[in-house]
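The values are calculated or read from the model by the stated rules, or taken from the named source; none is laboratory data. Since we're looking at a predicted model, the values are computed, not measured. Note that each Cβ is placed from the backbone with ideal geometry, even for glycine, and that neighbours are counted across all protein chains shown. Surface areas here come from the heavy atoms of the whole protein model, side chains and all, with no ligands, DNA or RNA. Shrake-Rupley method; radii C 1.70, N 1.55, O 1.52, S 1.80 Å.
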Amino acid sequence: MKRLHLISFGCQMNVYDGELMASAFKRRGYARSDDPADADVILVNTCAVREHAEEKVFSHLGELRRHKKTNPALLLGVTGCMAERMGREIAQRAPYVDIIAGARSFGDILDLAAAAKDGTDAVISIGHDRPPPDRDVSVRQDPYRAFIAVSRGCDHACTYCVVPNTRGREKGRPLDGIVAEVKELVADGVVEVTLLGQNIDSYGKDRPEGEDLHHLLHACHAVDGLKRLRFVTSHPEDMQVEIFDDMANLPKLCGALHIPPQSGSSRVLKRMARGYTRERYLDITHEFRRRFPEGEIAADFIVGFPGETEDDFEQSISLMHEVKFQQSFIFRYSSRPGTPSGIHFEDDVPLPIKAARNMRLLKTQEAISRKKHAAMVGRTYEVLVEGPSKKDKSVLTGRTRGNHLVHFAGSVDLAGELVDVSVTDFTPVSLRGAVAG
Ligand code: SF4
């Protein structure tokens with residue numbers, strides 16, 4: 001039996017693509033291997049959002065190269081956004097790489113592997129929008145939770161972002177195909193599905209009438225056996241607050257939004273070409289809070305965007321205080337080749353300032369999470385039990401509808417079940433509790 005070792009870096013969309021590639025290899029008789037030394041094919045599925053991420057891949061490739069000494073027939077491949085962005089440049093810097101397949105072009109991955117022979121030039125496929133391989137639903141990381149990509153690519157042009165270059169224009173999947181995938185996953189034991197799009201709100205704009213996020217949510221919600229439904233990632237410019245009606249009317253649909261503001265300053269948002277202002281962002285989050293006082297909002301922030309002043313940054317701090325996010329993913333601006341800001345803006349915020357702002361935003365979020373968690377003590381929440389905690393196998397772990405992580409005692413037989421947990425204690429990053437009743 002041939003073996004595939006596949007590692008995915010970056011966003012959930014990349015993890016999903018990794019599962020699609022692993023599905024294709026499985027159909028060709030490959031088993032998954034967690035050990036690269038044991039593999040016949042190694043795929044490094046990459047992210048290009050930050051320079052640091054790309055440099056990490058090259059050092060990783062250097063380490064993986066040694067397995068070619070013990071297994072000369074080993075094929076080493078680079079896939080994902082970095083492959084799409086850099087293409088032949090990867091082969092020049094790492095001539096021992098055999099396959100380079102971009103985030104738009106990995107649909108050919110099996111043919112590329114068949115064409116690749118160690119010791120010859122890398123086979124390269126970038127810049128083609130190939131349909132991705134079909135999913136084998138048994139190929140997934142989590143027994144009870146799964147992601148489903150409902151569209152690929154993005155039609156926005158945020159000035160810092162590589163996605164439009166690496167994943168191309170937005171293309172929605174047929175609604176029926178997505179619902180069928182939900183049914184297959186549920187039949188295979190999944191109870192929570194997260195619908196995934198770079199910009200999920202605009203799902204359907206290239207689809208026939210009646211295929212939009214509203215109809216998709218209702219169709220997925222109707223699948224028997226599904227217990228929870230989520231969707232990510234929202235865009236403040238495209239978000240329709242009518243979707244809050246669906247959140248109110250569809251009990252399985254969790255009241256949790258992931259809607260990145262990126263900055264609290266309208267001046268910086270304009271330079272990012274995000275297409276909305278601070279006020280627009282607050283209108284959406286205030287309406288959400290009015291409709292769902294228990295609902296939660298997760299954010300992404302970029303600090304140190306070119307030209308960001310101390311006052312601009314203070315507006316990100318104040319936005320965090322105003323919205324009180326459940327969680328924030330905070331990134332330092334990284335100038336990317338081929339992006340509008342990479343081409344036109346000087347990366348003029350010094351690294352120490354970026355680092356200091358990063359730390360201040362992290363500390364601010366930590367204080368908000370601490371206060372939020374403290375207020376949850378003594379109350380009871382519905383939790384989807386994921387199984388034993390990674391850190392402490394003697395306790396169970398799971399998430400509330402608002403995506404708060406909870407650890408509690410209980411039988412592992414509860415895995416995959418929805419249970420009520422009373423919160424007894426907390427840290428800034430998680431809650432502790434006991435099964436209620
Ligand atoms: S919405 Fe903007 S940040 Fe998000 S993927 Fe599209 S271009 Fe990138």
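Limited to the range 381-406, what total is found for residues that are part of a strand (DSSP E or B) and surrounded by fewer than 19 Cβ atoms within 10 Å (Cβ to Cβ)?
4
For Thr194, are the conditions met, namely being within 16 Å of the ligand (Cβ to nearest atom), in contact (Cβ under 8 Å) with a residue 12 or more places away in the chain and either among the polar types (S, T, N, Q) or within 30 Å of Arg274 (Cα to Cα) (or both)? Break it down stepwise before answering.
Working: within 16 Å of the ligand (Cβ to nearest atom): no; in contact (Cβ under 8 Å) with a residue 12 or more places away in the chain: yes; either among the polar types (S, T, N, Q) or within 30 Å of Arg274 (Cα to Cα) (or both): yes.
It is false that Thr194 is within 16 Å of the ligand (Cβ to nearest atom), in contact (Cβ under 8 Å) with a residue 12 or more places away in the chain and either among the polar types (S, T, N, Q) or within 30 Å of Arg274 (Cα to Cα) (or both).
Of all residues in the range 156-176, how many are open to solvent by 50 Å² or more (accessible area, probe 1.4 Å) and either near the ligand (Cβ under 9 Å from one of its atoms) or not in a helix (DSSP H, G or I) (or both)?
First pass over the range 156-176, keeping only residues open to solvent by 50 Å² or more (accessible area, probe 1.4 Å): 157, 165, 169, 171, 173-174, 176.
Okay, now just the ones that are also either near the ligand (Cβ under 9 Å from one of its atoms) or not in a helix (DSSP H, G or I) (or both), so 157, 169, 171, 173-174.
The qualifying residues number 5.
Open to solvent by less than 50 Å² (accessible area, probe 1.4 Å), in contact with a Gly (Cβ under 6 Å, 6 or more places away or on another chain) and more than 30 Å from Thr339 (Cα to Cα), is that true of Gly210?
Here the answer is no, as Gly210 does not meet what is asked.
Looking at this structure, is Arg207 part of a loop (DSSP other than H, G, I, E, B) and of a type outside the set (Ser, Thr, Tyr)?
When the stated conditions are applied, Arg207 passes them.
Kindly list, by first and then second residue, each pair from a residue in the range 266-283 that is in the same structural domain as Ile343 (by TED's automatic domain parsing) to a residue that is aliphatic (A, V, I, L, M) and more than 14 Å from the ligand (Cβ to nearest atom), limited to pairs with Cβ atoms under 7 Å and residues at least 6 apart or on different chains.
Arg278/Leu319
If I ask for residues that are within 16 Å of the ligand (Cβ to nearest atom) and either in a helix (DSSP H, G or I) or open to solvent by less than 20 Å² (accessible area, probe 1.4 Å) (or both), which ones from the range 107-153 would you list?
Ala149, Val150, Ser151, Gly153
Within the range 426-437, does at least one residue satisfy the condition of being open to solvent by 60 Å² or more (accessible area, probe 1.4 Å) and at positive phi?
yes
Answer with yes or no whether Asp98 is buried (at least 19 other Cβ atoms within 10 Å of the Cβ), of a type in the set (Asp, Glu) and within 17 Å of Leu110 (Cα to Cα). Give the steps one after another, and end with the answer.
Working: buried (at least 19 other Cβ atoms within 10 Å of the Cβ): yes; of a type in the set (Asp, Glu): yes; within 17 Å of Leu110 (Cα to Cα): yes.
Yes.
So Arg104 ticks every box in (1) in a helix (DSSP H, G or I); (2) within 16 Å of the ligand (Cβ to nearest atom); (3) surrounded by 22 or more Cβ atoms within 10 Å (Cβ to Cβ) but one. Which box is left unticked?
Just one mismatch for Arg104, condition (1).
Which is in contact with a Gly (Cβ under 7 Å, 6 or more places away or on another chain) and either open to solvent by 20 Å² or more (accessible area, probe 1.4 Å) or modelled with pLDDT under 95 (or both), of Cys47, Cys11?
That would be Cys47, the only listed residue that is in contact with a Gly (Cβ under 7 Å, 6 or more places away or on another chain) and either open to solvent by 20 Å² or more (accessible area, probe 1.4 Å) or modelled with pLDDT under 95 (or both).
Residues that are at positive phi, open to solvent by 10 Å² or more (accessible area, probe 1.4 Å), assigned by TED's automatic domain parsing to the domain that holds Tyr160 and under 21 Å from the mean Cα position of the chain (by Cα): does the range 288-310 have at least one?
No, the range 288-310 has no match at all.
So which of Val349, Val377 ends up being among the aliphatic types (A, V, I, L, M), buried (at least 17 other Cβ atoms within 10 Å of the Cβ) and more than 24 Å from the chain's Cα centre (by Cα)?
Just one listed residue meets the conditions, Val349.
Any chance the range 348-361 includes a residue that's under 16 Å from Ile317 (Cα atoms), assigned to a helix (DSSP H, G or I) and in contact (Cβ under 8 Å) with a residue 60 or more places away in the chain? Steps first, please.
Initial filter on the range 348-361 (under 16 Å from Ile317 (Cα atoms)): 353-361.
Pick out the ones that are also assigned to a helix (DSSP H, G or I) and you get 353-361.
Subsequent filtering for residues that are in contact (Cβ under 8 Å) with a residue 60 or more places away in the chain retains 361.
Checked the range 348-361: at least one residue is under 16 Å from Ile317 (Cα atoms), assigned to a helix (DSSP H, G or I) and in contact (Cβ under 8 Å) with a residue 60 or more places away in the chain.
Which count do you get for residues in the range 224-265 that are assigned to a loop (DSSP other than H, G, I, E, B), away from the ligand (no atom under 16 Å from the Cβ) and crowded, with 22+ Cβ neighbours inside 10 Å?
3
For the range 275-283, indicate whether the set of residues that are within 16 Å of the ligand (Cβ to nearest atom), closer than 21 Å to Arg399 by Cα and buried (at least 16 other Cβ atoms within 10 Å of the Cβ) is non-empty.
Scanning the range 275-283, I find no residue that is within 16 Å of the ligand (Cβ to nearest atom), closer than 21 Å to Arg399 by Cα and buried (at least 16 other Cβ atoms within 10 Å of the Cβ), so the answer is no.
Return the only residue of His215, His221 being open to solvent by 50 Å² or more (accessible area, probe 1.4 Å) and away from the ligand (no atom under 16 Å from the Cβ).
On the way: His221 fails: open to solvent by 50 Å² or more (accessible area, probe 1.4 Å).
Answer to the selection: His215.
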